[in-house]
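Scroll down for the structure; my scribbles are underneath it.
The values are calculated or read from the model by the stated rules, or taken from the named source; none is laboratory data. Please read these numbers as outputs of a predicted model, since none were measured by experiment. Ideal geometry is used to build each Cβ from the backbone, glycine not excepted, and the neighbour counts take in all protein chains shown.
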Amino acid sequence: MNTITIPKKEYQELVEKRIRYDYLRQMMERDLFSPPPEKNRKKIVSAFKVAEKYNQKFLKSLEKGIKRSSYFNS
């Protein structure tokens, strides 16, 4: 077996990339396309509003999309 020496900073970057890759791989193994547990569209939109991370344009678009979906009910 050969020994390769790399700088500590480069090693740390490789370790971080490996950790991110493993996390992403684990997430992809889960069922990403399963339906959301909440069906009430008003509760969903209000939860997004409470988070205060989304602008009004996004919230209106979300609400419009949920109304179009046959999965969600009022």
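Structure notes:
- Looking only at the range 1-43, and only at residues there that are touching a residue at least 12 places away in the same chain (Cβ under 8 Å) and assigned to a helix (DSSP H, G or I), the one that is surrounded by the most Cβ atoms within 10 Å (Cβ to Cβ): R41
- Residue satisfying condition, being hydroxyl-bearing (S, T, Y), surrounded by 10 or more Cβ atoms within 10 Å (Cβ to Cβ) and at pLDDT below 95, within set S74, S46, S70: S46
- Cross-chain or 6+ apart pairs with Cβ under 6 Å, the range 56-68 first and under 18 Å from K39 (Cα atoms) and charged (D, E, K, R), then in a helix (DSSP H, G or I) and at pLDDT below 95: E63/V45
- Residues (within 27 Å of R68 (Cα to Cα) and among the basic types (K, R)) located in the range 1-57: R30, K39, R41, K42, K43, K49, K53, K57
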